[in-house]
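Novice: I have a structure here, written as C-alpha cells, and I will follow up with some questions on it.
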Number of protein chains: 2
Amino acid sequence: MSRRPGRRSGFSGSREEILRAARMKFAERGYDGTTVRGIAEEAKVDSALVHHFFKSKEGVFAAAMEDALRIGEVMPSLLADGLDGIGERLLRTFFTLWESQDKRETMVAVIRSATSHDEAVRMLRAFVSTEVIGRLAEAIERPNASMRAALVGSQLIGLIMIRYIVRVNPIASADTETLVAAYAPVIQRYLTAELDLPGGE
Amino acid sequence: MSRRPGRRSGFSGSREEILRAARMKFAERGYDGTTVRGIAEEAKVDSALVHHFFKSKEGVFAAAMEDALRIGEVMPSLLADGLDGIGERLLRTFFTLWESQDKRETMVAVIRSATSHDEAVRMLRAFVSTEVIGRLAEAIERPNASMRAALVGSQLIGLIMIRYIVRVNPIASADTETLVAAYAPVIQRYLTAELDLPGGE
C-alpha cells in the first residue's frame with residue numbers, strides 16, 4: 001500500500017474500477033438502465049476491457065453481487081468454530097459487513113435491482129442458493145440442512161429489507177447489540193434446534 | 001350476488017376496476033413507469049374519475065397496497081383470540097392470503113415497486129409502520145411491543161422475498177404446513193417470549 005506505481009494500476013486495478021463503476025450504475029439506474037458502455041464510461045476504460053473481464057452485463061452484475069455480499073469471504077471463518085453460538089457469530093459478521101456505509105449501499109443496490117428485473121432475480125436466486133444456502137447447509141451437517149439454511153436466509157433478507165431498504169422503526173434505528181440479542185436465538189434455532197417439521201427429520 | 005344490475009356497476013364498481021388496472025400497471029411498469037392516464041385507459045374510465053377516488057398516483061398506489069396486503073381486513077380476527085398460538089394463526093392467515101395467485105401477484109408488484117422507487121418505499125414504510133407494526137404492537141400489550149412487532153414484520157417480509165419474489169428452494173417449493181411448523185415458534189417467540197434485550201424489558 002505504501003508505494004504507488006507510476007501507471008495507475010494496470011488491468012487488475014481496472015477490474016476493481018469497473019466493479020466500482022458497475023455498482024454505482026446499478027444503484028443509480030437499476031439493472032435495466034445499466035449498459036456495458038455506461039459502466040465502461042464511468043470507469044474510464046474501453047468497453048472491450050469490460051467484456052474481457054466479465055463477458056457481459058450479466059457477468060458484471062454477478063461479480064458486483066458477489067463483491068457486495070462478501071459471502072465467500074466470510075463463510076469459512078464463520079463456520080470454522082463449529083455450531084455452538086453460530087447464531088450470534090453469524091449476526092455479528094452480518095453487521096460488520098453491512099453497517100459500513102459503502103458495502104451497505106452496494107448491497108441495497110443489488111437487492112433493488114434484483115427485485116425489479118427478472119434476469120437479476122434469476123442471478124440473485126442462483127447466488128443465494130449456491131453461495132449462501134448451499135455453503136451453510138453443507139457446513140451444518142444436520143437433517144433438513146437446506147431448509148435450515150433457507151430459513152436463516154429468509155430472516156436475514158427480511159432484516160435487510162426492514163433495516164436498510166424499507167427502513168422501518170424501531171429496527172432501522174436500533175443499535176446492533178439489541179438486534180444481535182433479538183435475532184441470535186432464532187438464527188441458532190433454525191440452524192441447530194429440533195424443527196419438528198411434518199414428515200419428521 | 002344473485003341479481004346483476006343492467007348497468008355494469010357505476011362508481012363503486014369503477015373504483016374496483018381502477019384498482020385492478022392500477023395493480024396491473026404497477027406490476028408491469030413499476031411505480032415510475034405508471035401514470036394516472038395509463039391507469040385510466042386500462043380501466044376504461046376518464047382520468048378525472050381516478051383523481052376523484054384517489055387524488056393522485058400516490059393515492060392509487062397507497063390504496064392498491066392496502067388492498068393487496070389486506071392487513072386491515074384480517075388483523076381484528078387474528079387478534080381476537082388472544083396471544084396463545086398467535087404465531088401459528090398469524091402464519092395460517094398469511095398463507096390464506098398469499099397462496100392465492102392474484103393476491104400474491106399484487107403483493108409482489110407492490111413490493112417490487114416499493115423497493116425500486118423512493119416515493120413508493122416511503123409509502124410502504126408508512127403502511128408497514130402503522131398498519132402492521134402499529135396494530136400488532138398495540139394488541140400484544142407486552143414490553144418492547146413495537147420491537148416485537150417489527151421482528152415479526154422482518155421475518156414475514158423475508159419469507160415473502162424468499163418464497164414469492166426471489167423464489168429460493170426449498171422454501172419456494174415447500175408446502176405451507178412445513179412452513180407453518182418451521183416459522184410458528186419463531187413468530188410466537190418474537191411476540192410473547194422473554195427477549196432479553198440489552199437495557200432489559
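The values are calculated or read from the model by the stated rules, or taken from the named source; none is laboratory data. As the structure is a computational prediction, the values presented were derived from the model and not from experiment. FYI the Cβ positions are ideal-geometry reconstructions off the backbone, even for glycines, and counts take in every protein chain you see. Each accessible area value is taken on the protein alone, full model and side chains, heavy atoms only, with ligands, DNA and RNA left out. Shrake-Rupley method; radii C 1.70, N 1.55, O 1.52, S 1.80 Å.
Novice: Between chains A and B, what is the buried accessible area summed over both chains (1.4 Å probe, protein heavy atoms, nearest 100 Å²)?
Specialist: Chains A and B together bury approximately 3700 Å².
Novice: The stretch A:70-192: Rg/Rh from Cα coordinates, Kirkwood Rh?
Specialist: 0.95
Novice: Now a separate question. Hey, what number do you get for chain B at 222 nm if only DSSP H runs of n ≥ 4 count, each worth -39500 (n - 2.57), divided across all residues, to the nearest 500?
Specialist: The helix contribution divided over chain B gives -21500 deg cm²/dmol.
Novice: Take the alpha carbon atoms of the stretch B:134-197, find their center, do the same for the stretch B:69-93, and report the distance between the two centers in whole angstrom.
Specialist: One Cα centre to the other: 12 Å.
Novice: Right, here's the next one. For B:LYS55, go through the aspartates and glutamates and keep the ones whose alpha-carbon is under 14 Å away, minus same-chain ones fewer than eight residues off.
Specialist: Qualifying aspartates and glutamates at Cα under 14 Å: B:ASP46.
Novice: Quick check: pseudo-label points 7 Å beyond the Cα along Cα→Cβ at A:ASP118 and A:ASP81, how many nm apart are they?
Specialist: Each label point lies 7 Å from its Cα, and together they span 4.5 nm.
Novice: If you don't mind, another one. Got a number for the accessible area of A:HIS52? Probe 1.4 Å, square angstrom, nearest 10.
Specialist: Taking all protein chains as shown, A:HIS52 has close to 110 Å².
Novice: Whenever you get a sec, compute what percent of the accessible area on the stretch A:17-116 sits on carbon and sulfur atoms (1.4 Å probe).
Specialist: Its accessible area is 48 percent carbon and sulfur atoms.
Novice: Something else: So, for the stretch A:70-192, what is the accessible surface per residue at a probe of 1.4 Å, expressed in square angstrom?
Specialist: 37 Å²
Novice: In addition: Not counting ligands, DNA or RNA, and with a 1.4 Å probe, what is B:GLU28's accessible surface area in Å² rounded to the nearest 10?
Specialist: About 120 Å², rounded to the nearest 10.
Novice: I've got another one for you. So what does B:THR178 come to for accessible area, using a 1.4 Å probe and Å² rounded to 10?
Specialist: 20 Å²
Novice: Pairs of Cα atoms under 8 Å, at least six residues apart: use those to get the relative contact order of the stretch B:103-187, whole percent.
Specialist: Computed value for the stretch B:103-187: 18 percent relative contact order.
Novice: Any chance you could run the full-extension gain for A:LEU49 through A:ASP175? It's 0.36 nm times the residue separation minus the Cα-Cα distance, nm to one decimal.
Specialist: Extending this stretch completely gives an extra 41.1 nm.
Novice: Give me the percent of Cα-Cα pairs in the protein assembly as shown that sit more than 32 Å apart, rounded to a whole number.
Specialist: 40 percent
Novice: Return one quarter of the surface area of the convex hull spanned by the alpha-carbon atoms of the stretch B:14-57, equal to its mean projected area, in nm².
Specialist: Dividing the Cα hull surface by four gives the mean projection, 2.4 nm².
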